[in-house]
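The values are calculated or read from the model by the stated rules, or taken from the named source; none is laboratory data. Bear in mind that the values here come from a model prediction, so they are computed numbers and not experimental data. Reconstructed Cβ throughout: ideal geometry from the backbone, glycine too, with neighbour counts over all protein chains shown.
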Amino acid sequence: MHIRIISPSGAIDPTYIDQASARLRAWGYKVSEGAHARDRWGRFAGKDEDRLQDLVEAIKDETVDCILCSRGGYGLQRIIDRVPFIPREKTIIGFSDITALHNKAAVCGTASLHSIMCKHIATLPEESEPIMMLRKALAGEGLEYRIPAHPLNRLGEVTAPIIGGNLSVLHGLECTFYGYSFAIKQMVNRHIMDIEADEFANPILLIEDIGERHYHIDRMMRHLKMEGALVNLSGLIVGQFTDCEDDPGMNETVYETIKEAVAEYNYPVLFNAPFGHVEHNLPLWLSRPTRMTVSSEGAVLRT
């Protein structure tokens, strides 16, 4: 397997690229990097044209199997409208700002991996669960997670693809050709997916975020609800909302705000899932059927 490391968003400490590359090679993978992966242009990993060039070359290079985004940050929204079709044979790896690329992959009918990136690949212990599960995902093995019960969970069982990622990125892209609602419409296209449309008609939405104010989260959830983006789901996975402090003036917690936004729907909801801006950020396949079971004893995700 050939993994290409690129930096389509924020600038990264190149030491993390070196260390992540060394670990991936130790696992037996061929690793290369985009010409501008180590660039810095203000907060960005190079100028828009350079970051786009690296991404386009990685997509079009038939020898590249996986595109590992070095980090998130911000930058993809500046170039996502110029990203070409992502073929099924490619796997986008990353999270946070990389949500934009995950949505693009979903539009193309291509599975992608919501996962740790270079910093944590470089620094987490080999025996840590995010590293071990990433190795399993790269090796093509199934993933299964057992998640403790949460008092706000809504029980149920469903099999559907997962779509989504960072709430702020999802909110910023909604009502465009790169938003997840448009991706859902494309996912049911038999010419793209080559399967029965009903299997992909109602996905499970994943959301997580970092550093957002409580009322901003409420605003984003209310917007998605009014836009109709929360109704046609099979389930909701609420990941980590890191450094998103509860605002006493909101009269409820952040998680309670999210629960309230989907209260009128009857699909299962899983809270405090191990996905997001934390070290214990487990890899999760997007745009690939996943079995989600939420019971009073806890939840199970199987891909």
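Restricting to the stretch 284-303, and then to whatever is over 19 Å from the mean Cα position of the chain (by Cα) and not in a loop (DSSP other than H, G, I, E, B), can you tell me which residue is nearest to ALA273 (Cα to Cα)? Break it down stepwise before answering.
So the first thing to find is which residues in the stretch 284-303 are over 19 Å from the mean Cα position of the chain (by Cα), and the list is 293-299.
Those still in the list that are not in a loop (DSSP other than H, G, I, E, B) too: 293-295, 298-299.
Details: THR293: 13, VAL294: 11, SER295: 14, GLY298: 11, ALA299: 9 Å.
Looking at residues that are over 19 Å from the mean Cα position of the chain (by Cα) and not in a loop (DSSP other than H, G, I, E, B), I get ALA299.
For the stretch 237-245, does any single residue satisfy the condition of being under 15 Å from the mean Cα position of the chain (by Cα), small (Gly, Ala, Ser), crowded, with 20+ Cβ neighbours inside 10 Å and outside any loop (DSSP other than H, G, I, E, B)?
The initial filter retains those residues of the stretch 237-245 that are under 15 Å from the mean Cα position of the chain (by Cα), namely 237-241.
After this cut, where a residue has to be small (Gly, Ala, Ser) as well, the list is 239.
Next, only the ones that are crowded, with 20+ Cβ neighbours inside 10 Å stay: 239.
Now drop any that are not outside any loop (DSSP other than H, G, I, E, B), which leaves 239.
Yes, the stretch 237-245 has at least one match.
In the stretch 128-155, what residues are of a type outside the set (Lys, Arg), surrounded by fewer than 18 Cβ atoms within 10 Å (Cβ to Cβ) and under 18 Å from ALA22 (Cα atoms)?
SER128, MET132, ALA139, listed by residue number.
With respect to the numbered conditions (1) buried (at least 24 other Cβ atoms within 10 Å of the Cβ); (2) touching a Cys at 6+ places or on another chain (Cβ under 9 Å); (3) under 23 Å from LEU143 (Cα atoms), which one is the sole condition not fulfilled by ILE12?
Only one criterion is unmet by ILE12, namely (3).
Of all residues being of a type in the set (D, E, K, R) and in a loop (DSSP other than H, G, I, E, B) in the stretch 74-95, which is surrounded by the fewest Cβ atoms within 10 Å (Cβ to Cβ)? Just the residue, please.
Start the filter on the stretch 74-95 by keeping residues that are of a type in the set (D, E, K, R), which leaves 78, 81-82, 88-90.
When the remaining residues are screened for being in a loop (DSSP other than H, G, I, E, B), the result is 88-90.
Details: ARG88: 14, GLU89: 10, LYS90: 22.
Step by step, filter the stretch 74-95, then rank; the result is GLU89.
Which pairs turn up if I take residues in the stretch 265-294 that are in contact (Cβ under 8 Å) with a residue 60 or more places away in the chain and within 21 Å of LEU224 (Cα to Cα) and look for partners that are small (Gly, Ala, Ser) and surrounded by fewer than 22 Cβ atoms within 10 Å (Cβ to Cβ) with beta carbon separation below 7 Å, at least 6 apart in sequence or on another chain?
TYR267/GLY156; TYR267/SER234; PRO268/GLY156; LEU286/ALA111; SER287/ALA111
Could you grab me the full set of residues in the stretch 135-166 that are in a helix (DSSP H, G or I) and touching a Phe, Trp or Tyr at 6+ places or on another chain (Cβ under 8 Å)? Before the answer, list the steps.
Step one: of the stretch 135-166, the residues in a helix (DSSP H, G or I) are 135-138.
Correct list: ARG135, ALA137, LEU138.
May I ask you to list the residues in the stretch 22-54 that are in contact with a strand residue (DSSP E or B) (Cβ under 6 Å, 6 or more places away or on another chain) and touching a residue at least 40 places away in the same chain (Cβ under 8 Å)?
Hits for the stretch 22-54 are LEU24, TYR29, ASP54.
What are the pairs with Cβ atoms under 9 angstrom where one residue, in the stretch 88-107, is in the same structural domain as GLY164 (by TED's automatic domain parsing) and within 15 Å of ILE162 (Cβ to Cβ) and the other, located anywhere, is part of a helix (DSSP H, G or I) and at pLDDT 95 or above? Sequence gap at least six, or different chains.
none
Please identify the pairs in which a residue from the stretch 215-229 that is within 8 Å of ALA261 (Cβ to Cβ) has its Cβ atom under 8 Å from the Cβ atom of a residue that is in a loop (DSSP other than H, G, I, E, B) and acidic (Asp, Glu), counting only partners at least 6 apart or on another chain.
LEU224/GLU174
For the structure I just gave you, tell me whether PRO268 is more than 15 Å from ILE207 (Cβ to Cβ), buried (at least 21 other Cβ atoms within 10 Å of the Cβ) and modelled with pLDDT of 95 or more.
On the way: more than 15 Å from ILE207 (Cβ to Cβ): no; buried (at least 21 other Cβ atoms within 10 Å of the Cβ): yes; modelled with pLDDT of 95 or more: yes.
Here the answer is no, as PRO268 does not meet what is asked.
Select from the stretch 247-303 the residues that are under 22 Å from ILE93 (Cα atoms) and of a type in the set (A, V, I, L, M) and list them in ascending order.
Selection gives ALA273, VAL278, LEU282, LEU284, LEU286, MET292, LEU301.
Condition check: touching a residue at least 12 places away in the same chain (Cβ under 8 Å) and closer than 16 Å to GLY276 by Cα. Does LEU134 satisfy that?
Answer is yes for this residue.
How about the stretch 180-208: which of its residues are modelled with pLDDT under 80, crowded, with 22+ Cβ neighbours inside 10 Å and of a type outside the set (A, V, I, L, M, F, W, C)?
TYR180
Name the residue, out of ARG23, ARG51, ARG38, that is surrounded by 15 or more Cβ atoms within 10 Å (Cβ to Cβ) and outside any helix (DSSP H, G or I). Before the answer, list the steps.
Working: ARG23 fails: outside any helix (DSSP H, G or I); ARG51 fails: outside any helix (DSSP H, G or I).
Going through ARG23, ARG51, ARG38 in turn, just one is surrounded by 15 or more Cβ atoms within 10 Å (Cβ to Cβ) and outside any helix (DSSP H, G or I): ARG38.
Filter the stretch 246-268 down to the residues that are in a helix (DSSP H, G or I) and hydrophobic (A, V, I, L, M, F, W, C) and list them by number. Break it down into steps so the answer makes sense when it comes.
Initial filter on the stretch 246-268 (in a helix (DSSP H, G or I)): 248-250, 254-261.
Hits for the stretch 246-268 are MET250, VAL254, ILE258, ALA261.
Of the residues ARG71, ARG4, only one is among the basic types (Lys, Arg), touching a residue at least 40 places away in the same chain (Cβ under 8 Å) and under 22 Å from HIS280 (Cβ atoms); which?
Numbers: ARG4 fails: under 22 Å from HIS280 (Cβ atoms).
None of the others qualify; the one that does is ARG71.
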